[in-house]
Amino acid sequence: MKKTILIIALTLIFFIDANAQVEFKVVTSVESIVPMGLGRSRLISGNEEKDYKEYTSTQTEDDNGRNKSDRSEIRVKDFDETKLLNFYNVAGIRFQNIAANDALITSKINTMIIEGWELAFVTSAVESDSGKGDGNGIFITRYIFKRNKQ
């Protein structure tokens, strides 16, 4: 009898786990590396869901696959925007700003973990000053979270 109950319990656990659906959420930090503190740095988290299929077209030789939808429809207007500090100020790189940004990003990650999200992936990139006359640049990081759908 105990073996039968154990087998049923294990079967149920496997069945429930095998059918668990996962959802993902992306949080993006954009940190300015523009000299003199002129850039804008933010932590962005969208609250709207979008179906990429509505904005996707198939490329063919005949029609170049142009999607007829208005690009403004893609924009998300419901999102959280947390102000971050820029990496640079008038005096140059500001390590205190980096530490402040780390504290805010850590707070966001900790809050999401409390809400049941798991940090699955982190990816980052930089577009930096490319030489004389180019004072633009950003450091972007995407935090990809996942959790079982509720």
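The values are calculated or read from the model by the stated rules, or taken from the named source; none is laboratory data. In this text, all values refer to a predicted model and were calculated from it rather than measured experimentally. Methodologically, a virtual Cβ is constructed for each residue, glycine included, from the backbone with ideal geometry; neighbour enumeration extends over all protein chains shown. Heads up: the accessible areas ignore ligands, DNA and RNA and are worked out on the full protein's heavy atoms, side chains in. Shrake-Rupley method; radii C 1.70, N 1.55, O 1.52, S 1.80 Å.
Only residues that are in a loop (DSSP other than H, G, I, E, B) and open to solvent by 90 Å² or more (accessible area, probe 1.4 Å) were counted across the stretch 116-130, and they come to 1. Lys77 fails exactly one of the following numbered conditions: (1) touching a strand residue (DSSP E or B) at 6+ places or on another chain (Cβ under 7 Å); (2) assigned to a loop (DSSP other than H, G, I, E, B); (3) under 30 Å from Glu54 (Cβ atoms). What is the number of that condition? Among (1) touching a strand residue (DSSP E or B) at 6+ places or on another chain (Cβ under 7 Å); (2) assigned to a loop (DSSP other than H, G, I, E, B); (3) under 30 Å from Glu54 (Cβ atoms), Lys77 violates only (1). The listed residues are Ile113, Ile98, and the only one of them that is part of a helix (DSSP H, G or I) and either in contact with a Phe, Trp or Tyr (Cβ under 8 Å, 6 or more places away or on another chain) or under 18 Å from Arg40 (Cβ atoms) (or both) turns out to be Ile98.
When the stretch 80-95 is filtered for residues that are of a type outside the set (A, V, I, L, M) and outside any strand (DSSP E or B), the ones remaining, listed by number, are Asn86, Phe87, Arg94, Phe95.
Checking each residue in the stretch 15-66 for being touching a Phe, Trp or Tyr at 6+ places or on another chain (Cβ under 8 Å), of a type in the set (A, V, I, L, M, F, W, C) and modelled with pLDDT under 90 picks out Ile33, Val34, Met36. Ser69: open to solvent by 90 Å² or more (accessible area, probe 1.4 Å), at pLDDT below 95 and not in a helix (DSSP H, G or I), yes or no? No: the conditions fail for Ser69. Applying the criterion of being more than 18 Å from the chain's Cα centre (by Cα) and open to solvent by less than 40 Å² (accessible area, probe 1.4 Å) to the residues of the stretch 85-108, the residue that is modelled with the lowest pLDDT is Gly92.
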